[in-house]
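The values are calculated or read from the model by the stated rules, or taken from the named source; none is laboratory data. All of these numbers come straight from a predicted model, not from anything done at the bench. A quick note on method: Cβ atoms are made from the backbone with ideal geometry, for glycine too, and the neighbour counts reach across all protein chains shown.
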Amino acid sequence: MTPASAQPDLEPVLLSAARNGDQRAFEALYRCHVGRVFAVCLRLCADRTVAEELTQEAFVRGWRKLHTMRGHGFGAWMRQVAIRVSLDDRRAHLRRLARVIPTGDPGADTGRSEPPGLAMDLERALAGLPPKARHTFVLREIEGLTHAEIADLTGVTVGTSKAQLHRARSLLREALS
Amino acid sequence: MNDLEDAIAGLAEEIQPDRDLWPGIEARLAARRSTSRMLRPLAAAALVLAGVGLGMWATWPAEPPPPVAEVTWQAEMESASARLSATLAGRRSELDPVTVGIIEANLAIIDEAIDECARALEADPSNAQLEHRLADTWRRRIDLLRHATDLPSGS
């Protein structure tokens, strides 16, 4: 289901019901947006199992913080929650470090449909980037955050964020060539 | 546009997880609700117990209060308490068993304090302090029952 096209008139109703404690409404929101949230988590952590845990944590945190949501669509807000969860989760970070990432293919063993050609190559190459470069690339080029926002989220300076992006792009170009 | 830009533009907006993650999320939300439900009555019970303790501490060494009028306050307390207990018994199946257990445990503690006061008063019937303490403990029993009967279903 594509979030933007999934009965857009229904989302405010579901959101209002979920804010009033209706868990079924929240489940409906989850079903509409899980694909985008999982994609963010997976691209940031480069590990499907960890990404599943992060996605679950993001929705649990989303349910708890729903009353604080202001001025976003639910999908955009949930992706922000997912980014924070992915960057904050120390345990997931330690598990990522313990795993062998470079040959990581986010979807090689699943049998599900994959984006063809270059896009899949990019997913593979992304999974092989050093974590900081990968985070910066995903947040800037895929999620559209500014360098100031990335710097704030990752605890680095704007200059470092720009340098990480440059490094990521160079490594990805090399991997795709 | 070079290969990298093409690849970025071609990335899928969504990637579906291999399994349904909702059951795990639902279980965690249920665990949070359950914890919250357990803590709420515990907090209420702690307040009641603290109140009973404070009441005993505050009244025990104080100057003797004015004599309590010989009214049938105890009969009234017992009657009110019995009515509320009956209401609570009727709603028992609507409440979380954990909550019911906590309420009953606290009622048992209060009843023990009532019995203790009543025995002391039998030994010293003219002791106005004891009589006040007994009345106060009865009031706390009724307050706890009122709180319990007001709990929403599923609490």
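Among the residues making up region A:65-80, a single one is exposed (fewer than 11 other Cβ atoms within 10 Å of the Cβ) and of a type in the set (S, T, N, Q): A:68. Here is the figure for region A:134-177: residues that are within 14 Å of chain B (Cβ to nearest Cβ) and assigned to a loop (DSSP other than H, G, I, E, B) total 3.
The helices (runs of 4 or more DSSP H) found wholly in region B:66-155 include none carrying at least 1 residues that are among the hydroxyl-bearing types (Ser, Thr, Tyr) and at positive phi.
What about residue A:61, is it surrounded by fewer than 20 Cβ atoms within 10 Å (Cβ to Cβ), over 14 Å from the mean Cα position of the chain (by Cα) and either aromatic (Phe, Trp, Tyr) or at pLDDT 90 or above (or both)? In short, yes.
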